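For reference, the structure discussed in these notes is given below.
The values are calculated or read from the model by the stated rules, or taken from the named source; none is laboratory data. No experiment lies behind these values; they were computed from the predicted model shown. For neighbour counting, all protein chains shown are included, and Cβ atoms are generated from backbone atoms with ideal geometry for every residue, glycine included.
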Amino acid sequence: MKKLCTLILFYLISNFSFSQIIGKVTDKESKDVLEYATATLYNQKGEVVTGVVTNQQGMFFIENVNSGTYSLETTFIGYQPKKVENIRVDKKNAFIDLGTLVLSIASSQLDAVVIKGQAATVSHKIDRQVFETSKFQTSQGGSAVDVVKNLPSVTVNGEGAISVRGSNSFAVLLNGKPTQGDAASILAQLPANALEKVELITAPSAKYDPEGTAGILNIITKKGATNGDYAQVNVRGGFPPIQDYNTKEYPQRYGIDATYNTRTDDWNFSVGASYQRNDISGRREGGLDIVNTTNDTHRFLPSDGERSFDEVSYNGRFTVDYTPNDADEFSLGMYAGKRQKDRLADIFYNNYTVSPIGSGTIENEFSYYNHNLRTRKGDFALASFDYAHKFSDKSKLSTSVLYEYTFLGGPTENDNVEGTDLSDDYLTDDSIKIYQQEKNTNDNPLNGIRFNLDYQWKPMSLGTLETGYQFRHLDHKGDFDYQRKNVSQGETDFSQVPEFSSNIELKRIIHAAYAQVTGTKEKWNYNAGIRAELMNREYKEKLVSEPNQNTYQFDYFKLFPSASLQYKVDDKTNIKAAYSKRVDRTTTFKMNSFAEREHSEVYEQGDNKLKPEFIDLVELGVYKKFKGGNSMFATAYFRHTKNVINRVNALAYESNGVVIDSILNRVYSNVGKSNAIGLEIGATIKPSKKWTNFIGANIYNYAIDGVMSFNHRDGIRRLYNIDSKATIYSFNVNSTYSFWKNASLQFTLNYISDRNTAMGQDSRFYTPNLTFRKTFWNDNLTATLQWQNIDMGLLNSNEQRITTSRPGEFYTTTNYVYEVDVVSLNLTYTFNKLRNKSKFIESEFGKREF
């Protein structure tokens, strides 16, 4: 009986045997094994029998397989699946080795993964909003200015001036490092294609320098995501202009920039370069009326003519990071660039007087053509070294040294010529009468040094304590040389004009120390700190005609507290509140009290006693997520500014106190205080998987109240009352529709309403844009076709009127009409060679979580 049972058991085992299937999965290109690849076994009906993943050696083992015919599919995220058919399992084939299964990268599946892993247009943290620059397709081929103008709080007017929440005072950080030069110049030279993120910090903590009324823009440039090589090249070309502005030269628009990054476990090296040519045609239409009650005259100065821009910029940049171990980090960076912007204003003036006032009797009618070419240079070089050390108790010590050199300046030509146009070469044509020739040059080298020492204590029950010290030194000089050639008096050479030639120098030393605590308690996130700052400012100026140099000293010691609080209501809703005290320390340009002849009808000057602006900001906000990737945020804010600095116009006086009835003084001065109370809102709306909309808006009430005071050229200090109030709003719309996996169409609209100034009003300004984007060659090549400043002769796009007045004295209005319907093509080619493709996929998801 026992023998019979043994025979039956042997029969069952032989007919219903359990077999084993093994194999190995590798990458086709690198030959590396793929850990965690999936091997799935299917029966003849296509049903899943079982599945396993590969081990560290890329091997998979499927055991206890019944007899039958099967198919096996190996898959790995980002790779093309590989299938093996007709695998026969029976008693004669109990052990099956499928050998090495080679997988190839699948561009279509890689695209799908990357799209799922993309970050939202905007994400919110306790102290900042973080914007993904890749979402703003209309900025491709442009500069950082073209990126930031899409942010809800940011506007760019017709003159190219950047404002954040209505203020043009803000600080710019480059990868977290502050810059001391002109913020707008830095942004104008950063290629948009090199940017990865922009952080808007409206209520910075005590750790940051308090510079900037409206807060901080932190520009984060692209870096390699993982070990390997990364390279990107962008080429941009502009199509011929569609509209004719009767300019002397057609605008040229083209550029190229490139970035290369290589990364290992210890080293990260990046280098990039950019060259951009971006011309804009345009015209200026306006007029100036000046009432001189002393002489009973009313001067009219209507004008019309070309106002175009030729801009060239090129720069180079590199960074190298070294991380020899988990405790130490070293970083060295350099960034240098040159920029030149020529503004040509060839204006025809019809100059006449009505006297007595209101009589209609025209006197002294005089027409002439003014050639005004202003060249502005903005060359700069930045160099920084950083070191950080992490201790075993999780505390951290870091230090940073930054040196900055900036050269600002450039000549201005100002010629008054007989006739109604300058079609001929008036400098060589003796038949054209030259009334006056003037030129001025100004060289403004700036040297700045910043040193930081920061210590982050080990985490405590209250949170993490951070302390630090900062030293800043700024040395800014300026030499202004104004020359004139009176051709009508027979002069053949230029001679210096002493009353317009001067030398200035600004030295500013700042010592600052801070302490702040950051922590999390259940649903609460908080940050509170205080910064103590000691500033010494010494400003010197001297007219060439004067023997002595005047010195103006201004010092202060102030505390700058800050606090942020965020409450997590649930997984989809956050509420936050913040307070921050800030300062705008003014620029050298705004302190030069000596008049400079900028136009035929304008003297420009500053105030040597100009005080810094001090700002108190309070804000309260909410952020909420909805289903389908939809979200919204709203932030109410109140900003109070003391010692408001504003550009105002006033009548020009001769040194003897006599009114010049054809020239205005354009003056920078402290005009009192201002209050801004507003609401900033934004929303991401996705009606479908293919259609995404990002809308941001800002509405605020702005009031200026105070007294403007400054010294005229006659040496007398005059006072003017300032009282201006208005409700201002702006909005930015970004709507993107994806046709296929590799093509999209994006429409953007940037709009700002009429807004008040200290002595007038700037009109509304808006620019619609349309962009079509498509990728080719496994997404290595991206083509972006841009149609900017859409107008088609139906709108008033890219056009702005600026008006200033003082009842009973003057009225001036100027309409700036800039080029519309600008079409360009941007091509981007990306080389991305990574040793282990799986790491690239993981990095994309890491970016989304960040």
Can you find a residue in region 534-555 that is in contact with a strand residue (DSSP E or B) (Cβ under 7 Å, 6 or more places away or on another chain) and at pLDDT below 85? no
Does A758 meet the test of being among the hydrophobic types (A, V, I, L, M, F, W, C), surrounded by fewer than 18 Cβ atoms within 10 Å (Cβ to Cβ) and more than 20 Å from E285 (Cα to Cα)? no
For region 485-510, enumerate the residues that are free of Cβ contacts under 8 Å to residues at least 60 places away in the same chain and of a type in the set (V, I, T). V487, T492, V497, I509, I510
Counting just the residues of region 285-305 that are surrounded by fewer than 19 Cβ atoms within 10 Å (Cβ to Cβ) and part of a strand (DSSP E or B), which one comes out farthest from the chain's Cα centre (by Cα)? T297
Determine whether T262 is free of Cβ contacts under 8 Å to residues at least 60 places away in the same chain, among the polar types (S, T, N, Q) and surrounded by fewer than 21 Cβ atoms within 10 Å (Cβ to Cβ). yes
Would you please name the residue that is surrounded by the fewest Cβ atoms within 10 Å (Cβ to Cβ), looking only at residues in region 511-549 that are free of Cβ contacts under 8 Å to residues at least 60 places away in the same chain and in contact with an Asp or Glu (Cβ under 6 Å, 6 or more places away or on another chain)? N536
Within region 788-799, how many residues are surrounded by fewer than 20 Cβ atoms within 10 Å (Cβ to Cβ) and either out of contact with any strand residue (DSSP E or B) (no Cβ under 9 Å at 6 or more places or on another chain) or not in a loop (DSSP other than H, G, I, E, B) (or both)? 3
Got a number for residues in region 749-770 being part of a strand (DSSP E or B), farther than 25 Å from F136 by Cβ and among the hydroxyl-bearing types (S, T, Y)? 1
Subset of region 717-755 (residues that are more than 30 Å from T692 (Cα to Cα) and among the charged types (D, E, K, R)): R717, R718, D723, K725, R755
Those residues of region 459-478 which are closer than 16 Å to S395 by Cβ and either without any contact (Cβ under 8 Å) to a residue 40 or more places away in the chain or surrounded by fewer than 18 Cβ atoms within 10 Å (Cβ to Cβ) (or both), in sequence order: P459, M460, S461, L462, T467
Can you tell me which residues in region 605-636 are surrounded by fewer than 19 Cβ atoms within 10 Å (Cβ to Cβ) and part of a strand (DSSP E or B)? D616, V618, L620, V622, K624, K625, M632, A634, A636
Selection status of I695, among the β-branched types (V, I, T), assigned to a strand (DSSP E or B) and farther than 20 Å from L620 by Cβ: yes
By residue number, the members of region 485-496 that are outside any helix (DSSP H, G or I) and either within 16 Å of N592 (Cβ to Cβ) or out of contact with any Asp or Glu (no Cβ under 9 Å at 6 or more places or on another chain) (or both) are N486, G490, E491, T492, D493, S495
Hey, S580 hits all of (1) farther than 26 Å from N525 by Cβ; (2) surrounded by 20 or more Cβ atoms within 10 Å (Cβ to Cβ) but one; which does it fall short on? (1)
Please specify each residue of region 479-495 satisfying the condition of being surrounded by fewer than 16 Cβ atoms within 10 Å (Cβ to Cβ) and not β-branched (V, I, T). N486, S488, Q489, G490, E491, D493, F494, S495
Just need a number here: residues in region 360-395 that are small (G, A, S) and either modelled with pLDDT under 85 or not assigned by TED's automatic domain parsing to the domain that holds A336 (or both). 2
Show me the strands (runs of 3 or more DSSP E) entirely contained within region 1-100 in which 1 or more residues are small (G, A, S) and at pLDDT 80 or above. 19-27, 38-42, 48-53, 68-75
Given the conditions (1) surrounded by fewer than 17 Cβ atoms within 10 Å (Cβ to Cβ); (2) over 24 Å from the mean Cα position of the chain (by Cα), which single one is not true for M591? (1)
Among the candidates T319, T406, T323, which residue alone is of a type outside the set (G, A, S) and closer than 30 Å to R484 by Cβ? T406
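For every residue, the table says whether it meets (1) in a strand (DSSP E or B); (2) under 30 Å from G463 (Cβ atoms); (3) of a type in the set (D, E, K, R).
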residue	(1), (2), (3)
K542	yes, no, yes
S545	no, no, no
Y552	yes, no, no
D555	yes, no, yes
K558	yes, yes, yes
Q566	yes, yes, no
Restricting attention to region 326-368, which residues are in a strand (DSSP E or B), touching a residue at least 60 places away in the same chain (Cβ under 8 Å) and of a type in the set (S, T, Y)? Y335, Y349, T353, Y368
If you take the residues of region 265-277 that are touching a residue at least 40 places away in the same chain (Cβ under 8 Å) and surrounded by 15 or more Cβ atoms within 10 Å (Cβ to Cβ), which of them is nearest to E799 (Cα to Cα)? Q276
Does region 634-654 include one or more residues that are at pLDDT 90 or above and of a type in the set (G, A, S)? yes
Can you find a residue in region 593-604 that is in contact with a Gly (Cβ under 9 Å, 6 or more places away or on another chain) and either within 30 Å of T121 (Cβ to Cβ) or outside any loop (DSSP other than H, G, I, E, B) (or both)? no
Among the candidates Y482, Y526, which residue alone is of a type in the set (S, T, Y), assigned to a strand (DSSP E or B) and under 27 Å from R374 (Cβ atoms)? Y482
Name the residue that is nearest to the chain's Cα centre (by Cα), counting only residues in region 341-392 that are of a type in the set (F, W, Y), farther than 30 Å from L187 by Cβ and exposed (fewer than 15 other Cβ atoms within 10 Å of the Cβ). F391
Of all residues in region 766-805, how many are more than 26 Å from the chain's Cα centre (by Cα) and closer than 15 Å to V156 by Cβ? 0
Some residue of region 299-310 being among the aliphatic types (A, V, I, L, M), at pLDDT below 90 and within 27 Å of N442 (Cβ to Cβ): yes
Among the candidates D415, D429, single out the residue that is in contact (Cβ under 8 Å) with a residue 12 or more places away in the chain and either more than 20 Å from G176 (Cβ to Cβ) or not in a loop (DSSP other than H, G, I, E, B) (or both). D415
